Amino acid sequence: MMATKSTDQLLGSKDQYKVNSEAKRYTLKDHGFIENKKGSFQYERTLSSTVSDTTAPKLKLTISKDLKELKLVTVTANGLKKVDIYKDSEMSKAQAMVENILATFVEESVLEKV
């Protein structure tokens, strides 16, 4: 399990985020977060418009049980290594997807830009 912290940013990104103080458990669940056995909430999304894409990186977002801390990371398709989706223009689609997902989470009071 990745350690959470009060603010976090994706590798290669200048944008920092924190959990919005208005965030509620049901809001997280409404947006596709899954509560794990320890009570924290996890969101995982393959960054490709093709569902069956087995090479696309994934966005992983974990929010702590008390909704105070988060961990934001993009990883390889198998989830084993962090990926900087901002260092390569070939990742522009993944970048756009991440930006849209995070913008939605900000709009819906899940996250807040710091």
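Structure notes:
- Checking Lys60 against (1) loosely packed, with under 13 Cβ neighbours inside 10 Å; (2) under 17 Å from Leu11 (Cα atoms), the condition it does not meet: (1)
- Index of the failed condition, Thr74 passing every other in (1) assigned to a helix (DSSP H, G or I); (2) under 10 Å from Pro57 (Cα atoms); (3) hydroxyl-bearing (Ser, Thr, Tyr): (1)
Every residue, every condition in (1) under 17 Å from Val19 (Cα atoms); (2) touching a residue at least 24 places away in the same chain (Cβ under 8 Å); (3) of a type in the set (Val, Ile, Thr), yes or no:
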position: Ser48; (1), (2), (3): no, yes, no
position: Thr54; (1), (2), (3): no, no, yes
position: Leu70; (1), (2), (3): yes, yes, no
position: Ala77; (1), (2), (3): no, yes, no
position: Val83; (1), (2), (3): no, yes, yes
position: Tyr86; (1), (2), (3): no, yes, no
position: Ala96; (1), (2), (3): no, no, no
position: Lys113; (1), (2), (3): yes, yes, no
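- Of the residues making up segment 41-74, those that are out of contact with any Asp or Glu (no Cβ under 9 Å at 6 or more places or on another chain) and among the polar types (S, T, N, Q) are Ser48, Ser49, Thr50, Ser52, Thr54, Thr55, Ser64.
- Candidate set: segment 65-101, residues that are closer than 19 Å to Glu35 by Cα, touching a strand residue (DSSP E or B) at 6+ places or on another chain (Cβ under 7 Å) and not β-branched (Val, Ile, Thr); chosen: the one surrounded by the fewest Cβ atoms within 10 Å (Cβ to Cβ): Gly79
- Scanning segment 3-12 for residues that are surrounded by 13 or more Cβ atoms within 10 Å (Cβ to Cβ) and touching a Leu at 6+ places or on another chain (Cβ under 9 Å), we see that the one that is nearest to Ala94 (Cα to Cα) is Leu10.
- Hits in segment 24-68 (condition: outside any loop (DSSP other than H, G, I, E, B) and within 23 Å of Asp88 (Cβ to Cβ)): Glu44, Arg45, Thr46, Lys58, Leu59, Lys60, Leu61
- Verdict on Thr7 being touching a strand residue (DSSP E or B) at 6+ places or on another chain (Cβ under 9 Å) and either at pLDDT below 95 or closer than 20 Å to Ile85 by Cα (or both): yes
- The one condition from (1) part of a helix (DSSP H, G or I); (2) among the aliphatic types (A, V, I, L, M); (3) in contact (Cβ under 8 Å) with a residue 40 or more places away in the chain that Ala103 does not meet is (3).
The values are calculated or read from the model by the stated rules, or taken from the named source; none is laboratory data. Computed from a predicted model, the values in this text were never measured in an experiment. Glycine also receives a Cβ, built like all others from the backbone with ideal geometry; neighbour counts cover every protein chain displayed.
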